[in-house]
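Engineer: The structure under discussion is supplied below as structure tokens; questions concerning it will follow.
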Amino acid sequence: MGQCGITSSKTVLVFLNLIFWFVIILLLVFVTEVVVVVLGYIYRAKVEEEVNHSITKVYDAYNGTNPDAASRAIDYVQRQLHCCGIHDYTDWKTTNWFKESKNNSVPLSCCKASVSNCTGSLAHPTDLYGEGCEALVVKKLQEIMMYVIWAALGFAAIQLLGMLCACIVLCRRSRDPAYELLITGGTYA
């Protein structure tokens, strides 16, 4: 009977020790999430600078062939976001593709979906999307970043609740004299 009491007391102490380390690990993860959220919020403005640099490189690499990754990416973005060029459709005039093609037109992905016989010709600018892609890409990325920030805050709140519950269990168990080891004279009582 006494051995059973000693064993259960040791089990309780092991359980309390596990809860303590659980709280410590949750606290570390929580602090990491908060740091990520803060850095994400601070650096979301830097997205525009990075997009501007990257989008210019991709537009310069455009060659109009479908297997090329840059060409597919530009065509996809222009079709999905209903945009043309970096700031507007006239940006295509400075690209290597425009200079090499010598047909005074932009890619067909700049054509409005409602226009059936669009050739991408700059002679018919009403057939083309007027808004540039950079602003729309930045807006979309910042929108996604805000979703990620809110999701991280939601997980952090849940973890905070878990830490709070574990601390309550830890504090109540450690104050309860029924779960303390009683040592008298080097032997268990």
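The values are calculated or read from the model by the stated rules, or taken from the named source; none is laboratory data. Since this is a predicted model, take the numbers as computed values, not measurements. Note that we place each Cβ from the backbone using ideal geometry, even for glycine, and neighbour counts take in every protein chain shown. Accessible surface areas use protein heavy atoms only, side chains included; no ligands, DNA or RNA. Shrake-Rupley method; radii C 1.70, N 1.55, O 1.52, S 1.80 Å.
Engineer: I need the full set of residues from the range 81-104 which are touching a residue at least 40 places away in the same chain (Cβ under 8 Å) and outside any loop (DSSP other than H, G, I, E, B), in order please.
Structural biologist: Listed by number, the residues that qualify are LEU81, TYR89, ASP91.
Engineer: Looking only at residues that are of a type in the set (Gly, Ala, Ser) and part of a helix (DSSP H, G or I) in the range 34-74, which one is least open to solvent (accessible area, probe 1.4 Å)? Lay out the reasoning, then the answer.
Structural biologist: Taking the range 34-74 first, the residues of a type in the set (Gly, Ala, Ser) are 40, 45, 54, 61, 64, 69-71, 73.
Applying the additional criterion that residues be part of a helix (DSSP H, G or I) yields 40, 54, 61, 69-71, 73.
Details: GLY40: 18, SER54: 56, ALA61: 55, ALA69: 63, ALA70: 20, SER71: 0, ALA73: 47 Å².
Checking each candidate, the answer is SER71.
Engineer: Taking only the range 65-84 into account, find how many residues are closer than 19 Å to ASP127 by Cα and either touching a Gly at 6+ places or on another chain (Cβ under 8 Å) or at pLDDT below 85 (or both). Break it down stepwise before answering.
Structural biologist: Restricting attention to the range 65-84, the residues satisfying the condition of being closer than 19 Å to ASP127 by Cα are 74-84.
Narrowing the set further to residues that are either touching a Gly at 6+ places or on another chain (Cβ under 8 Å) or at pLDDT below 85 (or both) leaves 83-84.
The qualifying residues number 2.
Engineer: Scan the range 105-129 residue by residue and report those that are assigned to a strand (DSSP E or B) and more than 33 Å from the chain's Cα centre (by Cα).
Structural biologist: Step one: list which residues in the range 105-129 are assigned to a strand (DSSP E or B), which gives 105, 111, 121, 128.
Once the filter is applied, which keeps residues that are assigned to a strand (DSSP E or B) and more than 33 Å from the chain's Cα centre (by Cα), the range 105-129 yields SER105, SER121.
For (1) modelled with pLDDT under 85; (2) open to solvent by less than 50 Å² (accessible area, probe 1.4 Å); (3) charged (D, E, K, R), each residue gets a yes or a no:
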residue: ASP127; (1), (2), (3): no, yes, yes
residue: GLY132; (1), (2), (3): no, yes, no
residue: VAL137; (1), (2), (3): no, yes, no
residue: ILE144; (1), (2), (3): no, no, no
residue: ILE149; (1), (2), (3): yes, yes, no
residue: ALA152; (1), (2), (3): yes, yes, no
residue: ALA157; (1), (2), (3): no, no, no
residue: MET163; (1), (2), (3): yes, yes, no
residue: ILE168; (1), (2), (3): yes, no, no
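Engineer: Let me ask something additional. For the range 147-172, what are the residues that are in contact (Cβ under 8 Å) with a residue 40 or more places away in the chain and within 27 Å of THR56 (Cβ to Cβ)? Explain how you work it out, then say what you get.
Structural biologist: From the range 147-172, those in contact (Cβ under 8 Å) with a residue 40 or more places away in the chain are 148-149, 152-153, 155-156, 159-160, 162-163, 166-167, 169-170; that's our starting set.
The one that is in contact (Cβ under 8 Å) with a residue 40 or more places away in the chain and within 27 Å of THR56 (Cβ to Cβ): VAL148.
Engineer: Kindly indicate which of ASP88, ASP60 is modelled with pLDDT under 85 and either over 30 Å from ALA157 (Cβ atoms) or over 21 Å from the mean Cα position of the chain (by Cα) (or both).
Structural biologist: Numbers: ASP88 fails: modelled with pLDDT under 85.
On inspection, the qualifying residue turns out to be ASP60.
Engineer: Filter the range 75-103 down to the residues that are surrounded by fewer than 13 Cβ atoms within 10 Å (Cβ to Cβ) and polar (S, T, N, Q), then identify the one that is farthest from ALA135 (Cα to Cα). Even if it seems obvious, please write down each step before you answer.
Structural biologist: So the first thing to find is which residues in the range 75-103 are surrounded by fewer than 13 Cβ atoms within 10 Å (Cβ to Cβ), and the list is 76, 80, 93, 96, 99-100, 102-103.
Then drop every residue that is not polar (S, T, N, Q), which leaves 80, 96, 103.
Numbers: GLN80: 14, ASN96: 22, ASN103: 27 Å.
Among them, the one singled out is ASN103.
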